[in-house]
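Structure first, commentary second.
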Amino acid sequence: MGMNRAWRYRLYPSKAQQEKLNGYLRECKNLWNSLLEYTKAYYNETGKFPTRKEFYLLTKEPPLFSQVAQNVADRLSKSLKGMMLKKNAGKKAGFPRFKPIERIKSFTYPQFGFILAERLELSGIGSIPIKKHRALRGNIKTLTIKKMPSGKWFAIFTSEVEAPEVRRKIGTSVGLDLGIETFAYLSDGSKIENPRYLRLAEERLKLTQRCMSKKKKRSLNRVKARRAVAVAHEKLTNRRRDFLHKVSRALVTQYALIAVEALNIEGLARGFLAKEVLDCSWAEFSSMLAYKAEEAGCEVVLVNPANTTSTCSSCGLVQKKSLAERWHFCPCGAEMSRDFNAAINILNRAIANSPGRVRQSELANNSATAGTAGSQACGEETPTHYKHNEQVSSMKQEAHAFRRG
């Protein structure tokens, strides 16, 4: 069975080619808005949406490559379908919005219209230098040309590759308690420090944003200042993503089973710690962990996060704790970091929900870990630290679903 994978490469178009690429974005914007206007008028008159065939007939006129124009129509059809699904589910939903040029950041060749060799040949645009820093595997399915807010251009290919015949790894299991003070605490006593890239970049972001706010609107200086803000954000994103890639790769290489909480990240991002939660990028990390585990033969299990912190990992007693309480004390004698306690509970839940897939030796391993934690009554905690600058190779690919425990 094949798997879809994404491959991103930097493009270096000339000024003339950039004008053509920007022209394509403008034409995509115009086509989207004209199709949406036609759809609204058609719906008001008939109570129905135009068919995809009618959309395709309308895409014959604009000066776009036919495949690109049809992809714009397909995206609008998909948005309309999503709108109707929401309405049928009793949710509030409205028509897609008309888009200014700032909201059109990419266009897609869904089947053909491009040739990839030493350079990237695009129909209607020409031959563009491309930096192929790694080999592209599989059969190419689509190509998306994307413009970043910083002004950089990228080619994003999707390809279908054969799924590797990977056997399940036989080895140790680990539970991960994702947090803010520490990025992740592991049930084996080690922890991954939170690099807090947003905090490091905050002063630079404030400076560039303050500079932009002082520029006159619609002026060339404001455009330059906006690009400086975009470059600062892009650098922050790249640093954070690099860290997540390396951590996720290290974990799936080292462990056979990884248990993580099925967190409601959207809800957490609306709380008073929203800024810190979003900086940790737990959702992106979970996605990376999932697809890397698939290829490494590692199993990732999602468990219910309820009471993982308040339950004693040694005796099972539930004691509610405030967020300020960072240490776990239990009448049974167990004393340890609350995050370490939670990580052990997360692993125990994963093992309890998949006993047939975890070896007895691993169960003994984890029991020994819990016993060690309980013996730390004098407060002698000696966790190891994961260094986030450790070099681990990574690859951006499409994620698959977790197995829920």
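Residue count for segment 258-287 satisfying the condition of being assigned to a helix (DSSP H, G or I), within 16 Å of the chain's Cα centre (by Cα) and surrounded by 13 or more Cβ atoms within 10 Å (Cβ to Cβ): 11.
Every condition in (1) part of a loop (DSSP other than H, G, I, E, B); (2) modelled with pLDDT of 80 or more is met by Glu325 except one, and the failing one is (2). Glu294 meets the stated requirement of being of a type in the set (Asp, Glu), more than 24 Å from Lys235 (Cβ to Cβ) and within 17 Å of the chain's Cα centre (by Cα). Does Lys215 satisfy the criteria of being in the same structural domain as Asn238 (by TED's automatic domain parsing), surrounded by 11 or more Cβ atoms within 10 Å (Cβ to Cβ), in a loop (DSSP other than H, G, I, E, B) and of a type in the set (D, E, K, R)? Taking the combined requirement at face value, the residue satisfies it. Picking from residues in segment 70-125 that are within 20 Å of Glu19 (Cβ to Cβ) and of a type in the set (Phe, Trp, Tyr), the one that is surrounded by the most Cβ atoms within 10 Å (Cβ to Cβ) is Phe107. Please list, ordered by first then second residue, the pairs with beta carbon atoms under 8 Å, 6 or more apart or interchain, first in segment 37-58 and part of a helix (DSSP H, G or I), second aliphatic (A, V, I, L, M) and modelled with pLDDT under 90. Filtered contacts from segment 37-58: Tyr38/Leu58.
Would you mind stating whether Leu120 is in the same structural domain as Ala16 (by TED's automatic domain parsing), part of a loop (DSSP other than H, G, I, E, B) and not hydroxyl-bearing (Ser, Thr, Tyr)? Steps first, answer last, please.
On the way: in the same structural domain as Ala16 (by TED's automatic domain parsing): yes; part of a loop (DSSP other than H, G, I, E, B): no; not hydroxyl-bearing (Ser, Thr, Tyr): yes.
Taking the combined requirement at face value, the residue does not satisfy it.
Every condition in (1) modelled with pLDDT of 80 or more; (2) surrounded by fewer than 20 Cβ atoms within 10 Å (Cβ to Cβ); (3) of a type in the set (Val, Ile, Thr) holds for Thr372 except the one numbered (1).
Select, from Leu35, Leu31, Leu58, the only residue that is in the same structural domain as Tyr109 (by TED's automatic domain parsing) and within 15 Å of Phe95 (Cα to Cα).
Details: Leu31 fails: within 15 Å of Phe95 (Cα to Cα); Leu58 fails: within 15 Å of Phe95 (Cα to Cα).
One residue alone meets the criteria, Leu35.
From the residues in segment 60-116 that are in a strand (DSSP E or B) and among the aromatic types (Phe, Trp, Tyr), which one is nearest to Arg218 (Cα to Cα)? The extreme case among them is Phe107.
The values are calculated or read from the model by the stated rules, or taken from the named source; none is laboratory data. As the structure is a prediction and not an experimental result, all values here were calculated from the model. Every residue, glycine as well, gets a Cβ built from its backbone with ideal geometry; the counts of neighbours run over all protein chains shown.
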